[in-house]
Each structure stands twice: as C-alpha cells, then as structure tokens.
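For reference, the structure is listed below as structure tokens.
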Amino acid sequence: MPHSIDREYAERAIPQYERAVEKAGGESVRIPLDQTPAEVMKIIELCDGVLLPGSKADVDPAKFSATRSPHTAAADPQRDAVDELLLRDAYNRHKPILGICYGLQSLNVYRAGSLIQHIPDFLPQDLRARVDHEAGKKVAVAHAVEIESNSRLAEIVEGANKDSDRNGALAPDGSKFVVPVNSSHHQSADTIGEGLRISARCPDDRIIEAVEGTAPDHFVLAVQWHPERSVDDDEPSRAIFRALIEAAAK
C-alpha cells in the first residue's frame, strides 16, 4: 500500500497500479502496512515480484545521513518497514523489482544511496523554471526523459516502440532514446545506491529519472515518473509493466 497514515489517499492511489499489473497479465497482491513483520512475510513469500508504488511521504533523510530540508514531507515508518521487508526478500530470492516515484527513492536509499530532498533547491537558478517536476497527475506530459542506450530500460522502451513512432524517438546524436513522461515529485536520486546505475535523466536539468540493477540475472528497475497513469495510451508505459510480469513469470 502507498501510505499507512492517509488511508483515503492510499485507497485512491493503489487501483491504478493494480490495474496496470493486471493489464500486463499479472495478479496484484496488496501488502498491508499495519501488520506485524511475520504476518507481512507470509504474504510476501507467496509473491513472485515486487512493485514499490509512489507515496505522499518522503524518505527520512536520517537514513542517508542528511539534515532534513524544510521542504521534506513527513516520513512513513510503516511504509519504510514494509519496503525493507519486500526489498530484502526480493534481493535474497532474486524476485523482480519495479519502483515507481517514491519507490525509486526507497530502493535507492535501501541500497545505501542518497536523495536530493527538494529539486528546486538543488538546481542553479537558471534551470529551476525549465521543468516542473511537480506538475501532477492532471498534466499528461510534463517533460522528456533521455534513456541510456545500453540499459535494460532502453531495451524495454525501444521494443515497445517498434510498432509505434509517437511515444518516443532517438536523440539527435542517436545515442539515447527520448520519451515523454508525466511527473509528480519534488525529490530525486542523488548518489546512486550499491548495485544500481542511472538509466535515464531529464535532458533539461539532468535530474535522474530512472535507475536499474547492474546484475544481468536480476530484474531491478525504478522510474521517477508514473507509468501506471498512462498505460491506456502509452506503449512504453505498458511495456514497463509487461517486463515486470515477464520477469516474475521466469
């Protein structure tokens, strides 16, 4: 579940993720945030993959040894505890992982990485107005992302675009694949965690937009945007969920 404190928000947010998983051929299983670790592990052990959804919380900056920014939202310790159980199990048993928005940040901190706590405070003045990373769900396309050509994400997105030319294009130098995305975040990855690498950035301000695992035999992918919102009309979004389900099936 996305959040343990604001239950109304969590119940409103989770169906989009469930629908995207089911549209890709998977069976979604809700992991509650209000049970004991032993009870949660009984559910986790039956699952073949992990999806870490977005959240209105922010990761506690103490987890990456940083002073709290005044813009940092309250942490959600119950969500963090369940994320850690999910990630520990997934890494131990090589279950595929897909992180979305907060899920990327949670994954990166779990792997000993750090976060930019408020993007406008991090960027130089001349870059702050170029991209609205907090555009929100009403804005279908907030900005573009450039995907590294040798990444797992590039394989997923380029494969999805073989039959469609309206959801992505090659960068002018041909080295990266560019796709339009939505955006609803004020934080992003900074130092990348162990066993992860950067697979996409926003070309306008270089903010990290996707990370993935470096182990070729373990599917680990996290994106800063919300592909679950655009599965009805965006082939790369559908492909991201299909890749998770295919990895889980294996």
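Just one of the numbered conditions (1) outside any helix (DSSP H, G or I); (2) open to solvent by 90 Å² or more (accessible area, probe 1.4 Å) is not true of Cys47: (2).
Name the residue that is farthest from the chain's Cα centre (by Cα), counting only residues in segment 184-205 that are under 21 Å from Glu158 (Cα atoms) and in a loop (DSSP other than H, G, I, E, B). Among them, the one singled out is Pro203. Across segment 99-134, the qualifying residues are those that are open to solvent by 20 Å² or more (accessible area, probe 1.4 Å) and assigned to a helix (DSSP H, G or I), and the one among them that is nearest to Asp60 (Cα to Cα) is Tyr110. Among the residues making up segment 77-92, those that are over 17 Å from Pro61 (Cβ atoms) and in contact with an Asp or Glu (Cβ under 9 Å, 6 or more places away or on another chain) are Gln78, Asp89.
Residues being under 15 Å from the mean Cα position of the chain (by Cα), over 22 Å from Arg197 (Cβ atoms) and surrounded by 14 or more Cβ atoms within 10 Å (Cβ to Cβ) are represented in segment 58-73 by at least one member.
Among the candidates Val21, Val82, single out the residue that is under 28 Å from Val231 (Cβ atoms), among the aliphatic types (A, V, I, L, M) and either touching a Phe, Trp or Tyr at 6+ places or on another chain (Cβ under 9 Å) or not in a helix (DSSP H, G or I) (or both). So that I can check it myself, show each step before the final result.
Working: Val82 fails: either touching a Phe, Trp or Tyr at 6+ places or on another chain (Cβ under 9 Å) or not in a helix (DSSP H, G or I) (or both).
Residue meeting the stated conditions: Val21.
Exactly one residue out of Ala222, Ala215, Ala248 is over 16 Å from Asn108 (Cα atoms) and either in a strand (DSSP E or B) or modelled with pLDDT of 95 or more (or both), and it is Ala248. The residues listed here are Asp205, Asp234; of these, the one that is in contact (Cβ under 8 Å) with a residue 12 or more places away in the chain and touching a helix residue (DSSP H, G or I) at 6+ places or on another chain (Cβ under 6 Å) is Asp205.
Of all the listed residues (Ile31, Ile5, Ile14), the sole one being in contact (Cβ under 8 Å) with a residue 12 or more places away in the chain, of a type outside the set (Ser, Thr, Tyr) and open to solvent by 30 Å² or more (accessible area, probe 1.4 Å) is Ile5. Can you find a residue that is within 22 Å of Tyr17 (Cβ to Cβ) and free of Cβ contacts under 8 Å to residues at least 60 places away in the same chain anywhere in segment 107-128? No: zero hits. Checking each residue of segment 155-172 against the condition of being at pLDDT 95 or above and within 16 Å of Leu104 (Cα to Cα) gives no match. Residues in segment 135-156 that are touching a Ser or Thr at 6+ places or on another chain (Cβ under 8 Å) and open to solvent by 20 Å² or more (accessible area, probe 1.4 Å): Ala135, Lys137, Val139, Ala140, Ala142, Glu148, Ser149, Arg152. Asp89 meets each of the listed conditions (1) within 19 Å of the chain's Cα centre (by Cα); (2) free of Cβ contacts under 8 Å to residues at least 12 places away in the same chain apart from (2). Please work out if Asp204 is within 21 Å of Glu22 (Cβ to Cβ), open to solvent by 10 Å² or more (accessible area, probe 1.4 Å) and modelled with pLDDT under 95. Against the criterion (within 21 Å of Glu22 (Cβ to Cβ), open to solvent by 10 Å² or more (accessible area, probe 1.4 Å) and modelled with pLDDT under 95), Asp204 does not qualify.
The values are calculated or read from the model by the stated rules, or taken from the named source; none is laboratory data. All values reported here derive from a predicted model rather than from experimental measurement. Glycine also receives a Cβ, built like all others from the backbone with ideal geometry; neighbour counts cover every protein chain displayed. Areas reflect the complete protein model, heavy atoms only, side chains present, ligands, DNA and RNA absent. Shrake-Rupley method; radii C 1.70, N 1.55, O 1.52, S 1.80 Å.
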